[in-house]
1. Of all the residues that make up the stretch 70-96, how many are in a helix (DSSP H, G or I) and either within 21 Å of Y137 (Cβ to Cβ) or acidic (D, E) (or both)?
2. Of all the helices (runs of 4 or more DSSP H) wholly in the stretch 249-325, which have at least 1 residues that are open to solvent by 30 Å² or more (accessible area, probe 1.4 Å), out of contact with any Cys (no Cβ under 8 Å at 6 or more places or on another chain) and among the hydroxyl-bearing types (S, T, Y)?
3. Any idea which residue in the stretch 124-168 is farthest from P223 (Cα to Cα), counting only those that are in contact (Cβ under 8 Å) with a residue 40 or more places away in the chain, in a helix (DSSP H, G or I) and open to solvent by 80 Å² or more (accessible area, probe 1.4 Å)?
4. Could you list all residues from the stretch 195-224 that are among the charged types (D, E, K, R) and within 16 Å of the ligand (Cβ to nearest atom)?
5. Just to verify a result, which residue in the stretch 373-392, among those that are farther than 15 Å from R346 by Cα and in a helix (DSSP H, G or I), is least open to solvent (accessible area, probe 1.4 Å)?
6. Restrict the check to the stretch 73-86 and report whether at least one residue is within 14 Å of the ligand (Cβ to nearest atom) and under 14 Å from F116 (Cβ atoms).
7. Can you tell me which condition T339 does not meet? The list is (1) closer than 30 Å to T51 by Cα; (2) free of Cβ contacts under 8 Å to residues at least 40 places away in the same chain; (3) of a type in the set (V, I, T); (4) in a helix (DSSP H, G or I), and all the others hold.
8. Could you identify the single residue in T47, T81, T71, T121 that is open to solvent by less than 30 Å² (accessible area, probe 1.4 Å), free of Cβ contacts under 8 Å to residues at least 40 places away in the same chain and under 30 Å from L37 (Cβ atoms)?
Amino acid sequence: MTLRGAADTTFAEGAGLAWRACPGGHDAALRLSGARLPVVGTARLYTCGITPYDVTHLGHAATFIWSDLLTSVWRLCGVDTVGCRNVTDVDDVLTRAAGAHGSDFAQFALQQEYAFDKDMTALRVRRPAYEPRARHYIRTVQQLAEALLAAGHAYLRNGFVFFRGAHVAQASGLPREEALARSAEFGDDPHDRDRDDPFDVAVWRPSAPGEPAWPSPWGPGRPGWHAECAAMALSVLGPSVDVLAGGEDLAFPHHAYQAAMVEAVTSVAPFARARLHVGAVHQGGAKMAKSTGNLTLVADLLHDHSPAAVRLLVLDRPWHTPWEYRPGDLDRVASRLETLYAAAGRPGGAGHAAAGVVEALLDDLDVPRAIGIAVADGGEAARLLLRVLALA
Ligand code: ZN
């Protein structure tokens, strides 16, 4: 079905969201964190995906819902998007979880992926075009290691290939102690005396008995985490991406090293034109995390609330700001949804109002402003917003 609003605002509903006359014409471009991000041709979005060792919580879901919205806003303005969301299925935490269940790591990961996919489908998060699994990119990581070694960006030590990363920590702007603490938190072991510098990280590492291992020129081993994402991004999307997305805690060390490794072998910089580092979800005053046990699972939320309510709970705020989840929030969101649905049932709202909704979304994905316009003007503007946010 094709809906027709004012003369300058025609969009097709069937394919979803193709807005044929985006406000601003050729100048219409997404702005992220205040910077314009015009796209010529196809937009490339790399979203750092799950380590499939446990069920999905609201903090995970927030990242993937925002990434999904970014894709929708691009498509709304006729920008083709190719998305890549990796699966980190070679990781020590997964190996330990699989061992605790008496399962092979790959089999265990697939079971967890199935549960994740079910949650994402329920939340109307569309599958990206590519969902590479780390275990299928072992040879690519080895090629990356070989290229880094050949260029002098890495060195071989006791079966490890270490990437020289002192400059990565420096460029992060973080105080040294904080950078060291974050590296340790994410398993980079900066106190390991084998490394020339505490900020050097493993591109390749030897495996202990019982850990996943693949043959390599440096002995049996497995990839380092940052190198996995560097290799998958290079393989799937090429030497650079338009947006690198993930939770805000991935900014350093993970995304900083992923970008640095890619840039070191391609000489293409920056690896990512912009970043969508989504604010963390807190509960009980602390970041929602498996390690601390303060979790709200997506499956539990969906037991009592609609997918639209959960999506709006995540989206009705600035994407980069951390926030605290309180169960009562969903009642407030349900009432806001009802207001939006009522607005959508009213006549009018085409032309300027609908264009205003699009403009707000293009302006740093400003959903609260778009909702304000949709509620005030109703009709076409509200219906458009419901479709873009996948709340209809
Ligand atoms: Zn990643």
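The values are calculated or read from the model by the stated rules, or taken from the named source; none is laboratory data. All values reported here derive from a predicted model rather than from experimental measurement. Cβ: placed from backbone, ideal geometry, glycine included. Neighbour counts: every protein chain shown. To get the accessible areas, we keep the full protein, side chains included, count just its heavy atoms, and leave off ligands, DNA and RNA. Shrake-Rupley method; radii C 1.70, N 1.55, O 1.52, S 1.80 Å.
1. 4
2. So the answer is 256-266.
3. The qualifying residue farthest from P223 (Cα to Cα) is H167.
4. R222, the sole residue that qualifies.
5. So the residue we want is V388.
6. yes
7. Status for T339: all satisfied but (1).
8. Just one listed residue meets the conditions, T81.
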